[in-house]
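Working notes, structure below.
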Amino acid sequence: MNETITNLWSIPLLIVIPILTAIVVNLLYNRGRAIRAVSIASAAVLLVISLVSPYGFQWFTGQPGVTYDGTYTFNANVFSWKLSLEYYYGPLQQIMISVMSFLLLFVVAISTKSLKKNFGPYIALMFLTYLSAAAIMMVNDFYHLWIAVEIGSLLVAGLVAASGGGAAQKAALKYTFFSALSGSGLAIALALILGITGYANITDAINSVRINDLSGMYNVLYVSFAFLMLSWIYAGGLAPIHPLKSDVYRSAYPHATVMLQTQSKLTLVAIGLVLLRMFGTLPFAREAMLSISILTMVIGIVMALIQTDFRWILAYLIVSHSGLVTVGISLGTFRGIVGGLFQAVNDVIYMSLLLVCCEMVLYFGRGTSIKFSGGLAKRAPLLTVFVILGTLAASGVPPFNGFQSELILIQAALEQGLPEVAAVILMVSVSTFIALFRAIYSIFLRPGDELQQGSERFKLPGTTLMFLVALVAITLVLGIYPQLALNFLTESALKVVFVPWVP
Amino acid sequence: MIELTLQTLSFLAAALLVIIGMAGMLYLDNLIKKLIAFTLLSDGVNLALVSLGYVQGGIVPILEPGASLSDFPNEAALIFGPGIVLTNIVIGVSTTAILAALIVILYKRYGTLKASKVLKGEHE
């Protein structure tokens, strides 16, 4: 059989275009119009590529399979290749990267309009954050996964620090210090997995763990599981690392937080699926993942409820809803995985809606503290409508998208005989509504003081209005026709549950 | 009883570096000292990775013409560990550079390198 390996054209483009754009906008430095044109064009191209790309692989290296029959014979047949460093673009990658590309397009359009000077490097960081998240989503080898996670951590720090202010720089410093611990842990996990299985390729390593009897290696497997989980917790901002991540979300500009939270959710999905596929059959592994997820949901929502600033509330809600994503993956069933993946898609959309509304509150010169503000609804009625719609979507109210994914998650928990988990998910939904509505009432609906009152209405900038309308439309469409997203996700979940050797 | 081979000693040294580095990062108050502790931690991880690839009496993992293919897998040192180390050094340098830059900025802003003073007052 003369099968040849065909590399997919779109995968290198999804990696190279952000790098080239980052270099160009960095060089343009303070030429606002040029940066805006280049970055919007690049983001649009990335969106088109992610939407139209077929599915396939990109191989960097691989070793020919060796058969031993007295002498070693190298067989170049594709089916005997032990694929090593590779990227994969499938339905899951398509929907996740398409959503991220869409968000990047509008985030870049908003930020190049709102920032005043020298923002070339800032936009470069935005594109590199996209790159790291796309790479994490597509990689199918531990080596690239490790590098992408490490780069992603440094980019988070860079993007937050570039948002300016002492609080942002402090958040970046703390996050970078902890990234050292997590990155080192991931490197050790990679080395241990290599030592046990001999494979850097994730699918090969998973097959090796499942096919070979590794009962004598349980201690090493658990150590590598622990280190991989540490990087999952860190990169995704799960408990007990949540204070660092929420600090990061709150300190960055809200439009930058759109990209940061998207990167976190994609990382949670990618590493979560690797953990599940590789260690899911180990005793207590899924239980450990589930415990962390529940802890994250509960701590996140409790912290959100006691905050007095809209930005902090959103930061902790992002953390809490990360737990919703991981709880589905940790359940490990088909329905649980579908629910977790769908929640990830929905979550980045409605949280982006709320974050852009938060950005507009700041843009109108209003504070985000719920103690000292009020009366914005009279002067910005359209923004008030958007923020209420975002709240309903985040709280899982029908017919918005959050309802569909949370319903699947609750069904998955009940199917597994875990009504407690279903109750926690329900509690997160209700508490999300309370936390957000408290802020909305204080900032938008409560009568403001005389200094804040005025007759002139605040007008939403055109690009922002388009972004908000598009986000609301997506939340509604996915809420009414969830199959549009589920068609992509069910295929991926089926592969994880029933055909573990396909990435 | 664990035999004290070169590999075991190397792992012990790596563990010591990791523990010292981690303790330094968590307990030292000076930001520069924390940075130095991070480099120790990173070195410890690198040493552990290099040690993983060690094979006693092993050979360089390059398959030369005429070499025995059946013995090669048992004798050759494992190459991937040191390969990871190369990348880890690059990542370590990048992280150190970012940390150093942030420390300089924060020192200019707050006039001190004490983490307890610089990092306090998060909920402004």
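Observations on the structure shown:
- Test: residue in the range A:164-183 that is touching a strand residue (DSSP E or B) at 6+ places or on another chain (Cβ under 7 Å) and open to solvent by less than 10 Å² (accessible area, probe 1.4 Å): no
- Test result for B:Thr112, at the interface with chain A (Cβ under 7 Å from one of its Cβ atoms) and not aromatic (Phe, Trp, Tyr): no
- Restricting the range A:276-292 to residues that are closer than 18 Å to A:Asn212 by Cα and in contact with a Phe, Trp or Tyr (Cβ under 9 Å, 6 or more places away or on another chain), the residue that is most open to solvent (accessible area, probe 1.4 Å) is A:Pro283.
- Unique match (being more than 14 Å from every other protein chain (Cβ to nearest Cβ) and either in contact with a Leu (Cβ under 8 Å, 6 or more places away or on another chain) or under 29 Å from A:Val107 (Cβ atoms) (or both)) among A:Leu230, A:Leu266, A:Leu181: A:Leu266
- Strands (runs of 3 or more DSSP E) wholly inside the range A:10-100 containing at least 2 residues that are open to solvent by 50 Å² or more (accessible area, probe 1.4 Å) and modelled with pLDDT under 85: A:65-68, A:72-75
- Every pair of residues 6+ apart whose Cβ atoms lie under 6 Å, when the first sits in the range A:304-331 and is closer than 22 Å to A:Leu445 by Cα and within 14 Å of chain B (Cβ to nearest Cβ) while the second is among the aliphatic types (A, V, I, L, M) and open to solvent by 10 Å² or more (accessible area, probe 1.4 Å): A:Thr308/A:Ile370
Let's see how each residue does on (1) of a type in the set (A, V, I, L, M); (2) touching a residue at least 12 places away in the same chain (Cβ under 8 Å); (3) at the interface with chain A (Cβ under 9 Å from one of its Cβ atoms); (4) open to solvent by less than 70 Å² (accessible area, probe 1.4 Å):
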position	(1), (2), (3), (4)
B:Leu35	yes, yes, yes, yes
B:Ser42	no, yes, yes, yes
B:Leu47	yes, yes, no, yes
B:Ala76	yes, yes, no, yes
B:Val93	yes, no, no, no
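- Scanning the range A:126-157 for residues that are in contact with an Asp or Glu (Cβ under 9 Å, 6 or more places away or on another chain) and open to solvent by 10 Å² or more (accessible area, probe 1.4 Å) returns A:Val139, A:His144.
- Flag for A:Ile306 being within 16 Å of the chain's Cα centre (by Cα), open to solvent by 10 Å² or more (accessible area, probe 1.4 Å) and in the same structural domain as A:Ile188 (by TED's automatic domain parsing): no
- Screening A:Ala412, A:Ala422, A:Ala393 for residues that are in contact with a Phe, Trp or Tyr (Cβ under 8 Å, 6 or more places away or on another chain) and aliphatic (A, V, I, L, M) leaves exactly one candidate, A:Ala393.
- Selected residue (only one of A:Leu389, A:Leu409, A:Leu414 is over 30 Å from A:Val497 (Cα atoms) and in contact with a helix residue (DSSP H, G or I) (Cβ under 6 Å, 6 or more places away or on another chain)): A:Leu389
- Of the residues making up the range A:241-252, those that are in contact with a helix residue (DSSP H, G or I) (Cβ under 7 Å, 6 or more places away or on another chain) and surrounded by fewer than 24 Cβ atoms within 10 Å (Cβ to Cβ) are A:Ile241, A:Leu244, A:Asp247.
- Residue in the range A:358-375 that is among the aliphatic types (A, V, I, L, M), part of a helix (DSSP H, G or I), open to solvent by 10 Å² or more (accessible area, probe 1.4 Å) and touching a residue at least 24 places away in the same chain (Cβ under 8 Å) present: yes
- If you filter the range A:189-204 down to residues that are within 7 Å of chain B (Cβ to nearest Cβ), modelled with pLDDT under 85 and not in a loop (DSSP other than H, G, I, E, B), you find that the one that is nearest to A:Asp247 (Cα to Cα) is A:Ala191.
- Filtering A:Val421, A:Val397, A:Val428, A:Val387 for residues that are assigned by TED's automatic domain parsing to the domain that holds A:Ala485, of a type in the set (Val, Ile, Thr) and not in a helix (DSSP H, G or I) leaves a single hit, A:Val397.
- Any hit, the range A:342-353, residues being in contact (Cβ under 8 Å) with a residue 12 or more places away in the chain and open to solvent by 10 Å² or more (accessible area, probe 1.4 Å): no
The values are calculated or read from the model by the stated rules, or taken from the named source; none is laboratory data. Here the structure is a predicted model, which is why all the values come from computation and not from measurement. Positions of Cβ are generated from backbone atoms using ideal geometry, with glycine treated the same way; all protein chains shown enter the neighbour counts. Ligands, DNA and RNA are stripped out before the accessible areas are found, and what is left, the full protein with its side chains, is counted by its heavy atoms. Shrake-Rupley method; radii C 1.70, N 1.55, O 1.52, S 1.80 Å.
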